[in-house]
């Protein structure tokens, strides 16, 4: 390697206001103009971003003790159940949780679904949320019922903890069957009537460091408009940067992140409740990772463009629910972002589930934080498993 940097050196440059920071979009042009080696010499950090539905998200809450004290065994927030089998006044609210009275199924495909993700958005927007709790009562926790209107600022703790966020690369979903289906990838028309994708391509954080050379436990990130951290690999972590044997096309696999941050520092612009027709509720999350340019190898992948990154095409009408593998090829993010791809010889309109303009904004915001010296890089205490290192 010609270029070798450390986190300490980069952070010293950030503190001194001398760090050169580019977004993952900007660095593509820089590399085309000056090449990998010269760009690696000049650039310290590349910022990334993504904003879209991330179902495996949730919130740890501590409400503070009641008078008399209560061991909350059942908890509802705006009538959405939260899991209370933790401690006296602790609970975990999942983003996809729905009201117990909500008949969420495809017989009611047009109805709006208010769920855990919407409660999280309401809290971070400083709206009032109704807390209801019941208990069996004990000598030390005698109270059996409790109701109160709460806000984010009136409770002790609200810790966003998302076990599986920021998929490295997600499928492009189609439907080959004869009927319309409603999925977490949106409504898919029959006979390959449309395609849906949900990755930001050249801004996607884990596509920009596919071998996890810089991402690990302790990596500091943009999370929900505030500062958060990578705390472990996400569930279903199957990382990689795979090369199609026949075409040689590069397509990322399924690395994921478990992330954590203080909800009280976040912003409702970057945590939005989502209602998916015929499926249920979720939470759209804004995440941005800074990639320190430690050497040329790190930069090489950070500078991959939409033309070089591909999403696998998957049939959600039959193959996906039945765990079958069918080779339908892949589509580049350049093609997807133009709004049309070709599947089985047919031109198919393609639409995103995630927001690329918001991803651009996240990468740009993170860039400004670093340039101002408000955001130092967190050196991982342990890198996340790369391809072939994880057997989960």
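The values are calculated or read from the model by the stated rules, or taken from the named source; none is laboratory data. Nothing here was measured: the structure is a model prediction, and the numbers come from that model. Neighbour counts run over all protein chains shown; Cβ positions are idealised from the backbone, glycine included.
Descriptive notes on the structure:
- A single entry from 256, 235, 351 fulfils the requirement of being surrounded by fewer than 18 Cβ atoms within 10 Å (Cβ to Cβ) and closer than 20 Å to residue 380 by Cβ: 235.
- Residue count for region 242-263 under the criterion of being within 20 Å of residue 307 (Cβ to Cβ) and either touching a helix residue (DSSP H, G or I) at 6+ places or on another chain (Cβ under 7 Å) or at pLDDT 95 or above (or both): the result is 2.
- Set 350, 334: member being in contact (Cβ under 8 Å) with a residue 12 or more places away in the chain and over 30 Å from residue 96 (Cβ atoms): 334
- Enumerated strands (runs of 3 or more DSSP E) restricted to region 45-138, each holding at least 2 residues that are free of Cβ contacts under 8 Å to residues at least 40 places away in the same chain, at negative phi and touching a strand residue (DSSP E or B) at 6+ places or on another chain (Cβ under 8 Å): 80-82, 90-94
- Qualifying positions in region 12-24 - surrounded by fewer than 20 Cβ atoms within 10 Å (Cβ to Cβ) and assigned to a helix (DSSP H, G or I): 12, 13, 15
- Within the option set 43, 31, being touching a helix residue (DSSP H, G or I) at 6+ places or on another chain (Cβ under 7 Å), modelled with pLDDT of 95 or more and farther than 29 Å from residue 261 by Cβ holds for one residue only, 31.
- Within region 319-392, strands (runs of 3 or more DSSP E) holding 3 or more residues that are at pLDDT 95 or above, over 20 Å from the mean Cα position of the chain (by Cα) and at negative phi: 340-343, 346-352
- Qualifying positions in region 1-44 - without any contact (Cβ under 8 Å) to a residue 12 or more places away in the chain and on the phi > 0 side of the Ramachandran plot: 35
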